[in-house]
Amino acid sequence: SNFTHAAIMAPARSRSTGGLKLLARRSQRPVVFDSEELDLDGPEIEIPRGARRWWPDESRPAISDRVRRGVHTAIQRQPRSNNFSTWQMNFPQELSSGERNPICSLGECGDPKCPTYRPKHPEVREAVEKCIIEKCQRYFREGDLETYASVGCGLLAQDWVVLEKLREINMLPRRAIFVELRTARPVMTCEGADFPRMSRGGGMNLRQTGFSGDLGPEFSFSASVQFEKPAAGSFIFEFANGNTREHSIFVEVGGPEQVGLLIFGIVEGGNITSVPIRDCWEPGNKVHNFLFTISAIGIFNVYKDGEQLVKAQGVPPSCCPRQHLWVGQSSSTKDTAFTGRIQKIKVWDQEVDTMATDMMFASEVDAAHQSFAQWYAGELAVWSFGS
(Lines give C-alpha, C1' and ligand atoms only; values in the text may rest on other atoms or scores of the structure.)
Protein backbone atom coordinates (compact mmCIF):
# COMPACT_ATOMS: atom_id res chain seq x y z
CA SER A 1 0.00 0.00 0.00
CA ASN A 2 1.12 3.56 -0.69
CA PHE A 3 -0.26 4.56 2.66
CA THR A 4 -1.87 3.27 5.81
CA HIS A 5 -5.22 4.84 6.49
CA ALA A 6 -6.98 5.46 9.77
CA ALA A 7 -9.70 7.82 10.86
CA ILE A 8 -10.03 9.12 14.40
CA MET A 9 -12.85 11.19 15.76
CA ALA A 10 -12.35 13.25 18.91
CA PRO A 11 -14.37 16.05 20.48
CA ALA A 12 -12.39 19.13 21.46
CA ARG A 13 -15.20 20.91 23.29
CA SER A 14 -18.96 20.50 23.40
CA ARG A 15 -21.14 22.64 21.22
CA SER A 16 -24.45 20.90 21.86
CA THR A 17 -26.24 24.26 22.20
CA GLY A 18 -26.54 25.90 18.84
CA GLY A 19 -25.03 22.93 17.03
CA LEU A 20 -27.99 22.39 14.71
CA LYS A 21 -28.16 26.11 13.97
CA LEU A 22 -24.50 26.00 12.96
CA LEU A 23 -25.14 23.08 10.66
CA ALA A 24 -28.03 24.98 9.10
CA ARG A 25 -25.74 27.93 8.40
CA ARG A 26 -23.22 25.54 6.84
CA SER A 27 -25.78 24.21 4.41
CA GLN A 28 -26.10 27.68 2.88
CA ARG A 29 -22.50 27.40 1.61
CA PRO A 30 -21.43 31.03 2.02
CA VAL A 31 -19.28 32.51 -0.72
CA VAL A 32 -17.23 34.52 1.79
CA PHE A 33 -15.15 32.52 4.24
CA ASP A 34 -16.00 33.86 7.73
CA SER A 35 -14.16 31.80 10.35
CA GLU A 36 -15.56 33.74 13.30
CA GLU A 37 -19.19 33.40 12.22
CA LEU A 38 -18.81 29.71 11.47
CA ASP A 39 -16.82 28.94 14.61
CA LEU A 40 -13.88 27.55 12.62
CA ASP A 41 -10.15 27.84 13.25
CA GLY A 42 -9.51 31.43 12.21
CA PRO A 43 -6.32 33.14 11.00
CA GLU A 44 -5.52 34.12 14.57
CA ILE A 45 -4.81 30.48 15.45
CA GLU A 46 -1.07 29.95 15.87
CA ILE A 47 0.10 27.32 13.41
CA PRO A 48 1.87 24.48 15.27
CA ARG A 49 5.34 23.52 14.16
CA GLY A 50 5.25 21.12 11.26
CA ALA A 51 1.68 22.05 10.35
CA ARG A 52 0.19 23.63 7.24
CA ARG A 53 -3.17 25.35 7.13
CA TRP A 54 -4.92 24.97 3.81
CA TRP A 55 -7.08 27.97 3.01
CA PRO A 56 -9.63 28.03 0.20
CA ASP A 57 -8.69 30.23 -2.72
CA GLU A 58 -11.09 33.16 -2.39
CA SER A 59 -10.32 34.23 -5.95
CA ARG A 60 -12.19 31.19 -7.20
CA PRO A 61 -15.99 31.17 -7.32
CA ALA A 62 -17.77 29.16 -4.67
CA ILE A 63 -18.74 25.63 -5.69
CA SER A 64 -22.44 25.77 -6.48
CA ASP A 65 -25.04 23.34 -5.20
CA ARG A 66 -25.65 22.27 -8.79
CA VAL A 67 -21.99 21.28 -9.25
CA ARG A 68 -22.02 19.51 -5.89
CA ARG A 69 -25.02 17.47 -6.94
CA GLY A 70 -23.24 16.66 -10.19
CA VAL A 71 -20.20 15.43 -8.28
CA HIS A 72 -22.28 13.10 -6.14
CA THR A 73 -24.11 11.81 -9.21
CA ALA A 74 -20.77 11.02 -10.89
CA ILE A 75 -19.49 8.90 -8.01
CA GLN A 76 -19.26 5.24 -8.93
CA ARG A 77 -19.57 3.03 -5.91
CA GLN A 78 -17.77 0.28 -7.81
CA PRO A 79 -15.21 2.42 -9.70
CA ARG A 80 -13.41 1.14 -12.74
CA SER A 81 -9.64 1.12 -12.63
CA ASN A 82 -8.33 4.62 -13.31
CA ASN A 83 -4.66 4.62 -12.40
CA PHE A 84 -2.86 7.95 -12.57
CA SER A 85 0.79 8.01 -11.54
CA THR A 86 0.66 5.57 -8.60
CA TRP A 87 -2.85 6.55 -7.55
CA GLN A 88 -6.32 5.18 -8.18
CA MET A 89 -8.43 8.20 -9.14
CA ASN A 90 -12.06 7.55 -8.33
CA PHE A 91 -13.61 10.70 -9.70
CA PRO A 92 -13.94 11.67 -13.40
CA GLN A 93 -12.28 14.81 -14.76
CA GLU A 94 -15.55 16.22 -16.06
CA LEU A 95 -19.13 16.09 -14.88
CA SER A 96 -22.02 15.11 -17.12
CA SER A 97 -22.72 18.83 -17.56
CA GLY A 98 -19.27 19.25 -19.14
CA GLU A 99 -17.99 21.27 -16.19
CA ARG A 100 -14.69 20.50 -14.49
CA ASN A 101 -15.00 18.17 -11.53
CA PRO A 102 -13.68 20.16 -8.52
CA ILE A 103 -12.50 17.01 -6.75
CA CYS A 104 -10.97 15.10 -9.67
CA SER A 105 -7.51 15.46 -8.04
CA LEU A 106 -8.50 13.24 -5.09
CA GLY A 107 -7.23 9.66 -5.17
CA GLU A 108 -6.38 6.50 -3.28
CA CYS A 109 -3.72 3.81 -3.34
CA GLY A 110 -3.23 2.66 -6.92
CA ASP A 111 -1.21 -0.50 -6.25
CA PRO A 112 -3.21 -3.45 -7.68
CA LYS A 113 -1.46 -5.71 -5.15
CA CYS A 114 -2.74 -3.66 -2.22
CA PRO A 115 -5.66 -5.28 -0.34
CA THR A 116 -7.38 -1.87 -0.19
CA TYR A 117 -7.23 -1.35 -3.98
CA ARG A 118 -10.84 -0.37 -4.59
CA PRO A 119 -11.29 -1.67 -8.17
CA LYS A 120 -10.43 -5.22 -7.03
CA HIS A 121 -11.62 -5.13 -3.41
CA PRO A 122 -14.31 -2.43 -3.05
CA GLU A 123 -15.70 -4.19 0.00
CA VAL A 124 -12.60 -3.34 2.08
CA ARG A 125 -12.82 0.45 1.92
CA GLU A 126 -16.62 0.31 2.03
CA ALA A 127 -16.36 -1.63 5.30
CA VAL A 128 -13.98 0.99 6.69
CA GLU A 129 -16.39 3.77 5.76
CA LYS A 130 -19.34 1.93 7.28
CA CYS A 131 -17.44 1.26 10.50
CA ILE A 132 -16.47 4.92 10.93
CA ILE A 133 -20.03 6.17 10.42
CA GLU A 134 -21.45 3.61 12.84
CA LYS A 135 -18.88 4.51 15.50
CA CYS A 136 -19.64 8.21 15.13
CA GLN A 137 -23.37 7.64 15.46
CA ARG A 138 -22.81 5.52 18.53
CA TYR A 139 -20.49 7.88 20.41
CA PHE A 140 -21.37 11.40 19.24
CA ARG A 141 -24.48 13.53 19.09
CA GLU A 142 -25.33 15.74 16.14
CA GLY A 143 -23.21 18.87 16.28
CA ASP A 144 -20.71 17.50 18.82
CA LEU A 145 -18.16 16.00 16.43
CA GLU A 146 -15.28 18.48 16.25
CA THR A 147 -12.16 16.91 14.74
CA TYR A 148 -11.51 14.36 12.01
CA ALA A 149 -7.95 13.05 11.70
CA SER A 150 -6.55 10.80 8.99
CA VAL A 151 -3.07 9.27 9.22
CA GLY A 152 -1.31 8.43 5.96
CA CYS A 153 -4.13 9.98 3.98
CA GLY A 154 -2.57 10.07 0.50
CA LEU A 155 -4.79 11.98 -1.92
CA LEU A 156 -7.80 12.17 0.40
CA ALA A 157 -10.38 10.31 -1.74
CA GLN A 158 -11.60 8.06 1.06
CA ASP A 159 -11.56 10.95 3.53
CA TRP A 160 -13.88 12.87 1.21
CA VAL A 161 -16.24 9.90 1.02
CA VAL A 162 -16.29 9.58 4.82
CA LEU A 163 -16.87 13.28 5.43
CA GLU A 164 -19.69 13.42 2.89
CA LYS A 165 -21.33 10.49 4.67
CA LEU A 166 -20.95 12.39 7.94
CA ARG A 167 -22.59 15.38 6.29
CA GLU A 168 -25.58 13.21 5.41
CA ILE A 169 -26.16 12.45 9.10
CA ASN A 170 -25.53 16.06 10.24
CA MET A 171 -22.16 15.20 11.80
CA LEU A 172 -19.73 17.11 9.60
CA PRO A 173 -16.85 18.13 11.94
CA ARG A 174 -15.41 21.64 12.16
CA ARG A 175 -11.82 20.65 11.29
CA ALA A 176 -9.95 17.94 9.38
CA ILE A 177 -6.34 17.07 10.18
CA PHE A 178 -4.32 15.06 7.67
CA VAL A 179 -0.98 13.46 8.56
CA GLU A 180 0.88 12.91 5.31
CA LEU A 181 4.64 12.87 4.79
CA ARG A 182 4.26 14.34 1.30
CA THR A 183 3.07 17.63 2.80
CA ALA A 184 6.48 18.13 4.45
CA ARG A 185 8.49 21.03 3.08
CA PRO A 186 12.18 21.82 3.64
CA VAL A 187 12.92 24.70 5.98
CA MET A 188 16.10 25.40 4.02
CA THR A 189 17.13 24.77 0.43
CA CYS A 190 20.33 25.77 -1.35
CA GLU A 191 21.83 24.96 -4.72
CA GLY A 192 25.21 24.36 -3.05
CA ALA A 193 28.63 24.77 -4.60
CA ASP A 194 32.16 23.46 -5.01
CA PHE A 195 34.24 23.35 -1.84
CA PRO A 196 36.36 24.71 -0.29
CA ARG A 197 34.93 28.19 -0.74
CA MET A 198 36.91 31.40 -0.67
CA SER A 199 35.23 32.27 2.62
CA ARG A 200 36.89 31.92 6.01
CA GLY A 201 36.81 28.25 6.94
CA GLY A 202 35.98 27.21 3.39
CA GLY A 203 32.28 26.56 3.93
CA MET A 204 28.94 28.35 3.72
CA ASN A 205 26.50 29.25 6.48
CA LEU A 206 22.87 28.44 5.66
CA ARG A 207 21.77 31.20 8.01
CA GLN A 208 22.16 33.26 4.84
CA THR A 209 18.91 31.65 3.64
CA GLY A 210 17.09 33.53 6.41
CA PHE A 211 16.21 30.47 8.49
CA SER A 212 16.50 31.02 12.24
CA GLY A 213 14.01 28.51 13.59
CA ASP A 214 14.35 25.41 15.75
CA LEU A 215 15.85 22.11 14.65
CA GLY A 216 15.33 18.91 16.63
CA PRO A 217 14.27 16.49 17.91
CA GLU A 218 13.40 15.43 14.36
CA PHE A 219 15.86 16.34 11.62
CA SER A 220 16.73 15.56 8.00
CA PHE A 221 19.49 16.71 5.66
CA SER A 222 19.89 15.70 2.03
CA ALA A 223 22.43 16.63 -0.63
CA SER A 224 24.13 15.39 -3.78
CA VAL A 225 27.80 14.93 -2.89
CA GLN A 226 30.94 14.39 -4.96
CA PHE A 227 34.16 13.67 -3.06
CA GLU A 228 37.70 14.65 -4.00
CA LYS A 229 40.72 12.93 -2.47
CA PRO A 230 40.92 14.33 1.09
CA ALA A 231 44.03 15.90 2.58
CA ALA A 232 42.42 15.92 6.04
CA GLY A 233 39.17 15.15 7.79
CA SER A 234 36.28 17.45 6.94
CA PHE A 235 32.53 17.99 7.36
CA ILE A 236 29.60 17.79 4.98
CA PHE A 237 27.67 19.90 7.47
CA GLU A 238 27.64 20.95 11.10
CA PHE A 239 24.75 22.84 12.68
CA ALA A 240 25.81 24.01 16.14
CA ASN A 241 25.85 26.79 18.73
CA GLY A 242 29.01 28.78 19.41
CA ASN A 243 32.47 27.34 18.91
CA THR A 244 32.03 24.47 21.38
CA ARG A 245 29.90 22.28 19.07
CA GLU A 246 27.13 22.30 21.70
CA HIS A 247 23.76 21.17 20.31
CA SER A 248 25.66 20.09 17.22
CA ILE A 249 24.19 17.95 14.43
CA PHE A 250 26.93 16.91 12.04
CA VAL A 251 28.28 14.60 9.35
CA GLU A 252 32.05 14.21 9.49
CA VAL A 253 34.11 12.93 6.55
CA GLY A 254 37.11 10.66 7.06
CA GLY A 255 40.58 11.90 6.14
CA PRO A 256 43.26 10.26 3.95
CA GLU A 257 43.61 7.36 6.38
CA GLN A 258 39.82 6.79 6.54
CA VAL A 259 38.66 7.14 2.95
CA GLY A 260 35.04 6.02 2.62
CA LEU A 261 34.08 6.89 6.20
CA LEU A 262 31.23 9.16 7.28
CA ILE A 263 30.24 9.81 10.89
CA PHE A 264 26.69 11.02 11.52
CA GLY A 265 26.08 12.31 15.01
CA ILE A 266 25.03 14.93 17.54
CA VAL A 267 26.60 16.63 20.56
CA GLU A 268 24.43 17.21 23.63
CA GLY A 269 25.81 18.29 27.01
CA GLY A 270 29.34 17.61 25.84
CA ASN A 271 28.46 14.00 24.97
CA ILE A 272 28.76 12.73 21.40
CA THR A 273 26.24 10.26 20.02
CA SER A 274 27.23 9.09 16.56
CA VAL A 275 27.06 6.25 14.08
CA PRO A 276 29.92 5.45 11.64
CA ILE A 277 29.19 4.52 8.02
CA ARG A 278 32.15 2.83 6.37
CA ASP A 279 32.99 2.34 2.69
CA CYS A 280 30.15 4.59 1.55
CA TRP A 281 32.11 6.89 -0.76
CA GLU A 282 35.29 7.08 -2.81
CA PRO A 283 37.15 9.97 -4.43
CA GLY A 284 36.27 10.67 -8.03
CA ASN A 285 33.71 12.27 -10.29
CA LYS A 286 30.74 10.15 -9.25
CA VAL A 287 27.92 11.98 -7.46
CA HIS A 288 25.87 10.26 -4.75
CA ASN A 289 22.61 11.37 -3.14
CA PHE A 290 22.75 11.18 0.65
CA LEU A 291 19.95 11.55 3.18
CA PHE A 292 20.59 11.75 6.93
CA THR A 293 17.59 11.64 9.29
CA ILE A 294 16.88 11.52 13.02
CA SER A 295 13.47 10.55 14.37
CA ALA A 296 11.73 12.04 17.39
CA ILE A 297 12.89 9.09 19.50
CA GLY A 298 16.50 9.24 18.30
CA ILE A 299 16.63 6.69 15.49
CA PHE A 300 19.45 7.61 13.09
CA ASN A 301 19.02 6.69 9.41
CA VAL A 302 21.46 7.13 6.54
CA TYR A 303 20.50 6.58 2.90
CA LYS A 304 22.69 6.62 -0.19
CA ASP A 305 21.07 6.76 -3.63
CA GLY A 306 17.79 5.60 -2.11
CA GLU A 307 19.30 2.61 -0.28
CA GLN A 308 19.36 2.52 3.50
CA LEU A 309 22.91 2.07 4.78
CA VAL A 310 22.42 2.46 8.53
CA LYS A 311 19.63 2.42 11.09
CA ALA A 312 20.72 2.85 14.70
CA GLN A 313 19.15 3.87 17.99
CA GLY A 314 20.62 6.97 19.63
CA VAL A 315 19.20 10.05 21.31
CA PRO A 316 17.46 12.93 19.54
CA PRO A 317 18.99 16.40 19.41
CA SER A 318 17.55 19.20 21.52
CA CYS A 319 14.87 21.36 19.98
CA CYS A 320 16.50 24.78 19.64
CA PRO A 321 17.86 27.20 17.03
CA ARG A 322 21.48 26.77 15.91
CA GLN A 323 23.75 29.80 15.65
CA HIS A 324 25.86 28.24 12.90
CA LEU A 325 24.42 26.26 10.01
CA TRP A 326 27.66 25.32 8.31
CA VAL A 327 27.87 23.31 5.11
CA GLY A 328 31.36 22.19 4.09
CA GLN A 329 33.09 23.01 7.38
CA SER A 330 32.94 22.79 11.18
CA SER A 331 32.27 25.66 13.58
CA SER A 332 34.97 24.69 16.03
CA THR A 333 37.80 22.88 14.25
CA LYS A 334 40.27 24.57 11.91
CA ASP A 335 41.18 23.14 8.53
CA THR A 336 37.97 21.11 8.21
CA ALA A 337 36.85 22.41 4.82
CA PHE A 338 35.26 19.81 2.58
CA THR A 339 36.93 19.08 -0.75
CA GLY A 340 34.51 18.31 -3.54
CA ARG A 341 30.98 19.34 -4.39
CA ILE A 342 27.84 19.56 -2.22
CA GLN A 343 24.70 20.47 -4.15
CA LYS A 344 20.89 20.29 -4.03
CA ILE A 345 20.91 20.87 -0.29
CA LYS A 346 17.64 20.44 1.59
CA VAL A 347 17.04 20.57 5.35
CA TRP A 348 13.84 19.61 7.16
CA ASP A 349 12.87 20.11 10.79
CA GLN A 350 11.35 16.64 10.78
CA GLU A 351 12.15 13.11 9.66
CA VAL A 352 11.45 12.40 6.00
CA ASP A 353 12.10 9.51 3.61
CA THR A 354 14.04 9.22 0.37
CA MET A 355 11.05 10.14 -1.81
CA ALA A 356 10.84 13.50 -0.04
CA THR A 357 14.28 14.50 -1.32
CA ASP A 358 12.95 14.61 -4.89
CA MET A 359 9.59 15.98 -3.70
CA MET A 360 7.88 12.96 -5.28
CA PHE A 361 4.07 13.19 -5.30
CA ALA A 362 4.34 16.67 -3.75
CA SER A 363 2.34 18.38 -6.50
CA GLU A 364 -0.36 15.70 -6.49
CA VAL A 365 -0.70 15.92 -2.71
CA ASP A 366 -0.81 19.71 -2.81
CA ALA A 367 -3.51 19.69 -5.48
CA ALA A 368 -5.60 17.23 -3.46
CA HIS A 369 -5.35 19.24 -0.24
CA GLN A 370 -6.17 22.50 -2.02
CA SER A 371 -9.18 20.93 -3.76
CA PHE A 372 -10.30 19.56 -0.40
CA ALA A 373 -10.05 22.99 1.25
CA GLN A 374 -11.97 24.50 -1.66
CA TRP A 375 -14.79 21.96 -1.42
CA TYR A 376 -15.22 22.54 2.33
CA ALA A 377 -14.71 26.33 2.26
CA GLY A 378 -16.62 27.87 5.13
CA GLU A 379 -17.52 24.46 6.53
CA LEU A 380 -14.38 23.02 8.10
CA ALA A 381 -10.75 24.01 8.63
CA VAL A 382 -8.20 21.85 6.80
CA TRP A 383 -4.81 21.17 8.37
CA SER A 384 -1.92 18.89 7.44
CA PHE A 385 1.12 17.65 9.32
CA GLY A 386 4.13 16.11 7.59
CA SER A 387 5.07 14.00 10.60
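If you go through segment 106-126 and keep only what is within 26 Å of Ser371 (Cβ to Cβ), more than 25 Å from the chain's Cα centre (by Cα) and assigned to a helix (DSSP H, G or I), you end up with Pro122, Val124, Glu126. Considered as a group, the residues in segment 335-351 that are among the aliphatic types (A, V, I, L, M) and crowded, with 23+ Cβ neighbours inside 10 Å include one that is nearest to the chain's Cα centre (by Cα), and that residue is Val347. Each residue in segment 297-314 was checked for being closer than 16 Å to Glu218 by Cβ and either among the aromatic types (Phe, Trp, Tyr) or open to solvent by 50 Å² or more (accessible area, probe 1.4 Å) (or both), and 5 of them qualify. Scanning segment 254-294 for residues that are surrounded by fewer than 19 Cβ atoms within 10 Å (Cβ to Cβ), in contact (Cβ under 8 Å) with a residue 40 or more places away in the chain and either among the acidic types (Asp, Glu) or part of a loop (DSSP other than H, G, I, E, B) (or both) gives Glu268, Glu282, Pro283, Gly284, Asn285, Lys286, Val287. Scanning segment 239-286 for residues being over 20 Å from Ile342 (Cα atoms) and among the charged types (D, E, K, R) gives a total of 4.
A search for C-beta distances below 9 Å between a residue of segment 164-178 that is closer than 18 Å to Arg68 by Cα and open to solvent by 40 Å² or more (accessible area, probe 1.4 Å) and any residue that is assigned to a helix (DSSP H, G or I) and acidic (Asp, Glu), counting only pairs 6+ apart in sequence or on different chains, returns Lys165/Glu129.
May I ask you to verify whether Ile236 is farther than 25 Å from Ile277 by Cα and modelled with pLDDT of 95 or more? When the stated conditions are applied, Ile236 does not pass them. Here Val327 passes the criteria (1) touching a residue at least 24 places away in the same chain (Cβ under 8 Å); (2) farther than 24 Å from Arg197 by Cβ; (3) under 27 Å from the mean Cα position of the chain (by Cα) except the one numbered (2). The number of residues in segment 156-203 that are assigned to a loop (DSSP other than H, G, I, E, B) and within 19 Å of His72 (Cβ to Cβ) comes to 4. Only one of the listed residues (Thr357, Thr339) is on the phi < 0 side of the Ramachandran plot and at pLDDT 95 or above. That residue is Thr339. Looking across segment 87-100, just one residue is in a loop (DSSP other than H, G, I, E, B) and touching a strand residue (DSSP E or B) at 6+ places or on another chain (Cβ under 6 Å), and that is Met89. The residues of segment 204-219 that are part of a strand (DSSP E or B) and open to solvent by less than 30 Å² (accessible area, probe 1.4 Å), listed by number, are Leu215, Phe219.
I'd like the residue in segment 39-67 that is in a loop (DSSP other than H, G, I, E, B), within 21 Å of the chain's Cα centre (by Cα) and of a type in the set (A, V, I, L, M) and, out of all such residues, is nearest to Ile177 (Cα to Cα). Only one residue fits best here, namely Ile47.
The values are calculated or read from the model by the stated rules, or taken from the named source; none is laboratory data. Bear in mind the structure is a predicted one, so any value in this text is a computation, not a measurement. Cβ atoms come from the backbone with ideal geometry, glycine included; neighbour counts cover every protein chain shown. All accessible areas refer to the heavy atoms of the entire protein, side chains included, with ligands and DNA or RNA removed. Shrake-Rupley method; radii C 1.70, N 1.55, O 1.52, S 1.80 Å.
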